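Here the structure comes first, spelled out in structure tokens, and everything after it is commentary.
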Amino acid sequence: QQQVKQSPQSLIVQKGGIPIINCAYENTAFDYFPWYQQFPGKGPALLIAIRPDVSEKKEGRFTISFNKSAKQFSLHIMDSQPGDSATYFCAASMGRGAQKLVFGQGTRLTINP
Amino acid sequence: GAGVSQSPRYKVAKRGQDVALRCDPISGHVSLFWYQQALGQGPEFLTYFQNEAQLDKSGLPSDRFFAERPEGSVSTLKIQRTQQEDSAVYLCASSQSVNYGYTFGSGTRLTVV
């Protein structure tokens with residue numbers, strides 16, 4: 001059973017644009033929602049994470065928006081750069097930090113110069 | 001070390017062969033996770049250790065998969081009688097404690113021919 005659904009599968013944006021990646025979850029027991037960035041040949045790296053007691057969190061150019069009632073959350077990348085081109089994964093777990101993560105299927109993001 | 005180290009980086013195995021994949025976590029990290037990432041997919045949880053104790057092995061796909069961490073540091077994931085469907089990247093991650101996020105290694109790409 002797929003517990004975290006991510007869309008779109010791929011996304012192409014011009015430099016300076018604002019790519020938006022969406023995720024929806026099913027398990028209401030999830031209470032920790034991180035986003036990971038993965039470059040080819042590397043492991044995923046934590047970008048930003050949110051807990052359901054807030055609706056938005058910003059770190060640098062990255063923002064998570066969270067809608068608890070809809071069981072959805074999204075990643076926005078402000079002023080996107082070609083170096084942001086990577087695969088992005090949303091994830092969810094029960095409990096902060098080092099708990100078992102359930103990942104979405106990933107979004108391959110390309111930022112054109 | 002500075003990061004999570006996995007070896008080998010690449011492994012080609014003939015169908016039916018046994019393989020062993022090694023993970024050297026960040027020094028002092030208590031928690032250690034193994035994930036399996038199929039091509040174009042998000043990582044999927046395999047198993048979790050806290051020190052030398054294997055607390056969750058619910059993600060291991062069959063009894064051909066076995067993981068150990070005998071001294072609470074280095075971990076080995078062993079796959080017996082490899083099958084083509086075992087072809088994937090195997091990711092290891094470690095964390096300072098259950099209250100912290102974790103760091104992934106670059107993975108071992110296993111190809112079964």
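The values are calculated or read from the model by the stated rules, or taken from the named source; none is laboratory data. These figures come from a predicted structure and were not determined experimentally. Note that each Cβ is placed from the backbone with ideal geometry, even for glycine, and that neighbours are counted across all protein chains shown. Ligands, DNA and RNA are excluded from the accessible area calculation, which covers all protein heavy atoms including side chains. Shrake-Rupley method; radii C 1.70, N 1.55, O 1.52, S 1.80 Å.
Work the Kirkwood hydrodynamic radius out for region B:5-107: mean of 1/r over every pair of different alpha-carbon atoms, inverted, in Å.
Working: mean 1/r = 0.0731 Å⁻¹.
Roughly 13.7 Å, rounded to one decimal.
Quick one: what does P(r) look like for region A:4-108 with 5 Å bins over all Cα pairs, in whole %?
Going from the shortest bin to the longest, the percentages are 2, 13, 26, 27, 19, 9, 4, 0.
Rank these by accessible area, largest first, 1.4 Å probe: A:Met78, A:Met94.
Numbers: A:Met78 80, A:Met94 105 Å².
In descending accessible area the options line up as A:Met94, A:Met78.
Quote the FRET efficiency, to the nearest 0.05, computed for B:Gln80 versus A:Lys42 with a Förster distance R0 of 30 Å and r equal to the Cβ-Cβ distance. All intermediate terms of the calculation are to be shown ahead of the outcome.
Details: r = 28 Å, r/R0 = 0.94.
Efficiency at R0 = 30 Å is approximately 0.60.
What translational diffusion coefficient, to the nearest whole µm²/s, does the protein assembly as shown have by Stokes-Einstein, given a Kirkwood radius computed over alpha-carbon pairs, a temperature of 37 °C and 0.692 mPa s viscosity?
Numbers: Rh = 18.0 Å.
Estimated diffusion coefficient is 182 µm²/s.
Work out, in µm²/s and without decimals, the Stokes-Einstein translational diffusion coefficient of region A:56-113 at 10 °C, 1.306 mPa s, Rh from Kirkwood over C-alpha pairs. Before the final figure, lay out the partial values.
Details: Rh = 13.1 Å.
After rounding, the answer is 122 µm²/s.
Which one, B:Thr76, B:Gly107, B:Val12, projects farthest toward the positive side of the charge dipole computed for region B:5-107 from Cβ point charges (K/R +1, D/E -1)?
The Cα lying farthest towards the positive end belongs to B:Val12.
Using a 1.4 Å probe, how large is the accessible area of A:Asp31, given in Å² and rounded to the nearest 10?
Looks like 40 Å² after rounding.
What percent does the relative contact order of region B:5-107 come to when contacts are Cα pairs within less than 8 Å and at least six residues apart?
Values: 229 pairs, mean separation 35.2, N = 103.
Relative contact order for region B:5-107 comes out at 34 percent.
Determine how large the accessible area of B:Glu44 is when every protein chain is in place; take a 1.4 Å probe and give Å² rounded to the nearest 10.
B:Glu44 has an accessible surface of roughly 120 Å² with all protein chains in place.
Can you give the accessible area of B:Thr76 in Å² (nearest 10), computed on protein heavy atoms with a 1.4 Å probe?
That residue has around 30 Å² of solvent-accessible surface.
So if I place +1 on the C-beta of Lys and Arg and -1 on the C-beta of Asp and Glu, and nothing else carries charge, what would the dipole magnitude of chain A be about its Cα centre? I want it in debye, nearest 20.
On the way: 12 positive and 7 negative charges, 23 e Å.
The calculated dipole for chain A is roughly 120 debye.
When the Karplus curve 6.51 cos²θ - 1.76 cosθ + 1.60 is applied with θ = phi - 60°, which whole-Hz ³J(HN,Hα) does each residue of region B:17-24 get, with x for Gly and Pro?
Each residue of region B:17-24 in turn: 7, 8, 10, 10, 10, 10, 10, 9 Hz.
Counting alpha carbon pairs within less than 8 Å and at least 6 residues apart, what relative contact order, in whole percent, applies to region A:4-108? Display every interim value, and only then the final one.
Working: 238 pairs, mean separation 38.3, N = 105.
RCO, region A:4-108: 36 percent.
Leaving out same-chain residues fewer than 8 places away, which lysines sit with a Cα under 28 Å from that of A:Lys42?
A:Lys5, A:Lys15, A:Lys57, A:Lys58, A:Lys100, B:Lys11, B:Lys14, B:Lys57, B:Lys78
Once amide H atoms are placed 1.01 Å from N in the peptide plane, what residues at a sequence separation of 5 or more from A:Tyr32, or on another chain, have their amide H within under 5 Å of its amide H?
A:Ser93, A:Gly95
How high is the FRET efficiency between B:Gln96 and B:Arg64 when r is their beta carbon distance and R₀ equals 30 Å, given to the nearest 0.05? Kindly include the intermediate steps, with their values, before the conclusion.
Numbers: r = 32 Å, r/R0 = 1.05.
Efficiency, from the Cβ-Cβ distance: 0.40.
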